[in-house]
Amino acid sequence: MALPTAALYSARPTLQIDGSDSSLLTDHVLAVTVTETSEGMSRCEIVAGNWGSADSSDGYVFNDRRTVDFGTRVALRIGDGDRAGTLFDGVVTGIEAQYPQTGAPAIAFLAEDRLQELRMTRRTRSFEEASDADIIRSVVSEHGLSASVDVDGPVHHHVAQANQSDLAFIRERARLVDADLWIDGSSVHVASRGRRGTEDVTLTYNADLHEVTVLADLARQRSSVVVAGWDVSAKEAIKAEADSSAIQPELDGDTSGIDLLEQALASRADTIVHTAPATSTIAQAQADMALRTSARRFVTAIGLAEGDTRLRAGARVRLAGLGAGFEGRFTLVEVEHAFDGRRGYRTRFRAERPGLGSSA
């Protein structure tokens, strides 16, 4: 069990190079930024001072690329107590030398996690009689990575990967089964929302939640979604419909945007005809996914919190101290962790929620 975070602690990150702590890079760090979304792939930018004692005669510390080079594995640990953790583990894919008009030279190392291997591999091929879980496991294993897939879904007669990167392809398969995608070290995880098994993190306004804006917006809400297609084998039309029952398990007693839409305005329905489902089972899965996607975006929050490595894309947070209606449980969909010498360690996030609590 992690110790509680101390009232005062050093927010300075510790950096590893190829699995070992690097005092040189850690001592020269000026700023770091790590960004990630619920669709997977995190990116890291490490800005380091590039002038001082060095073996080279010109005084530039990192220009010779002996410490950090293209393909170098870098890991970043930051935080204290229960907020501490390894925030990023990936490889350097870009190096930017910075020579400002005022101030000392700096250098930025741009890194991506191991999903970049899938991003840089583009293919055209097909899979026969396979579920989305089967397809994702197959693609991931081709890159020497392990796959932990916890999703439901039908078996497809035929699925084509048409001039797509492996990453774009498995992202698409994950979306179709209403799942998040992320990587932890060398293990790729794909899981339906609610199956991640992590504990909620509570953020309280005017404490560890510094600022937040919460928007409830009916503009993109729909009462129902219909997916239409044609079953070639049965030679008959396909029509599947999703309604508010698809999002009901995620409401936790809140009032959904769908219910508020019908109360305040009127019923609104969408029909999707471009997805070409081959069976009614696939059509129903697509309708449910489309409705949940729009329903979850009814309430969105954009906030700035004290730096906390537990705040990861796909994790759940409880926003407290916001008053009736707006406080409650959200899912993080985009997170940016940032450190610099002036502001310390801060975490920005975007989160979503399918309903509002009681305003009474």
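The values are calculated or read from the model by the stated rules, or taken from the named source; none is laboratory data. None of these values were measured; they are calculated from a predicted model. Cβ sites come from the backbone with ideal geometry, for glycine too, and all protein chains shown count toward neighbours. Side chains are part of the model used for accessible areas, which takes the heavy atoms of the whole protein and leaves out ligands, DNA and RNA. Shrake-Rupley method; radii C 1.70, N 1.55, O 1.52, S 1.80 Å.
Does residue 288 satisfy the criteria of being charged (D, E, K, R), touching a His at 6+ places or on another chain (Cβ under 9 Å) and either surrounded by 20 or more Cβ atoms within 10 Å (Cβ to Cβ) or under 30 Å from residue 236 (Cα atoms) (or both)?
When the stated conditions are applied, residue 288 does not pass them.
If residue 321 satisfies all but one of (1) without any contact (Cβ under 8 Å) to a residue 24 or more places away in the chain; (2) more than 30 Å from residue 184 (Cα to Cα); (3) open to solvent by 40 Å² or more (accessible area, probe 1.4 Å), what's the number of the condition it fails?
(1)
Being modelled with pLDDT of 95 or more, out of contact with any Ser or Thr (no Cβ under 6 Å at 6 or more places or on another chain), surrounded by fewer than 14 Cβ atoms within 10 Å (Cβ to Cβ) and of a type in the set (A, V, I, L, M) is true for just one of 97, 111, 106. Which residue is that?
97
Of all residues being of a type in the set (D, E, K, R) and either farther than 22 Å from residue 289 by Cα or in contact (Cβ under 8 Å) with a residue 60 or more places away in the chain (or both) in region 114-161, which is most open to solvent (accessible area, probe 1.4 Å)? Just the residue, please.
Residue satisfying both the conditions and the ranking: 122.
Which of the residues spanning region 330-360 are assigned to a loop (DSSP other than H, G, I, E, B) and of a type outside the set (A, V, I, L, M, F, W, C)?
Residues satisfying the conditions are 341, 342, 343, 354, 357, 358, 359.
Examine region 136-144 for a residue that is in a helix (DSSP H, G or I), modelled with pLDDT of 90 or more, among the aliphatic types (A, V, I, L, M) and under 17 Å from residue 285 (Cα atoms), and state whether such a residue exists.
No: region 136-144 contains no residue that is in a helix (DSSP H, G or I), modelled with pLDDT of 90 or more, among the aliphatic types (A, V, I, L, M) and under 17 Å from residue 285 (Cα atoms).
If I filter region 38-48 for residues that are among the small types (Gly, Ala, Ser), closer than 26 Å to residue 147 by Cα, assigned to a loop (DSSP other than H, G, I, E, B) and touching a Ser or Thr at 6+ places or on another chain (Cβ under 7 Å), do I get at least one hit?
Yes: one or more hits.
Residue 86: open to solvent by 50 Å² or more (accessible area, probe 1.4 Å) and in contact with a strand residue (DSSP E or B) (Cβ under 8 Å, 6 or more places away or on another chain), yes or no?
When the stated conditions are applied, residue 86 passes them.
Can you pull out the residues in region 10-23 that are more than 24 Å from the chain's Cα centre (by Cα) and either part of a strand (DSSP E or B) or surrounded by 17 or more Cβ atoms within 10 Å (Cβ to Cβ) (or both)?
17, 20, 21, 22 - these are the residues of region 10-23 that are more than 24 Å from the chain's Cα centre (by Cα) and either part of a strand (DSSP E or B) or surrounded by 17 or more Cβ atoms within 10 Å (Cβ to Cβ) (or both).
Just to be sure, is residue 311 over 30 Å from residue 130 (Cβ atoms), assigned to a strand (DSSP E or B), open to solvent by less than 10 Å² (accessible area, probe 1.4 Å) and not charged (D, E, K, R)? Break it down stepwise before answering.
Working: over 30 Å from residue 130 (Cβ atoms): yes; assigned to a strand (DSSP E or B): no; open to solvent by less than 10 Å² (accessible area, probe 1.4 Å): yes; not charged (D, E, K, R): yes.
Against the criterion (over 30 Å from residue 130 (Cβ atoms), assigned to a strand (DSSP E or B), open to solvent by less than 10 Å² (accessible area, probe 1.4 Å) and not charged (D, E, K, R)), residue 311 does not qualify.
What's the number of the only condition in (1) at pLDDT below 95; (2) more than 14 Å from the chain's Cα centre (by Cα); (3) among the charged types (D, E, K, R) that residue 171 fails to meet?
Answer for residue 171: the failing condition is (2).
May I ask you to list the residues in region 71-89 that are modelled with pLDDT of 90 or more, in contact with a Ser or Thr (Cβ under 7 Å, 6 or more places away or on another chain) and assigned to a loop (DSSP other than H, G, I, E, B)?
If the condition is that a residue be modelled with pLDDT of 90 or more, in contact with a Ser or Thr (Cβ under 7 Å, 6 or more places away or on another chain) and assigned to a loop (DSSP other than H, G, I, E, B), then no residue fits.
Restricting attention to region 238-268, and to residues there that are open to solvent by 60 Å² or more (accessible area, probe 1.4 Å) and among the polar types (S, T, N, Q), which single residue is nearest to residue 297 (Cα to Cα)?
Looking at the filtered set, the residue picked out is 248.
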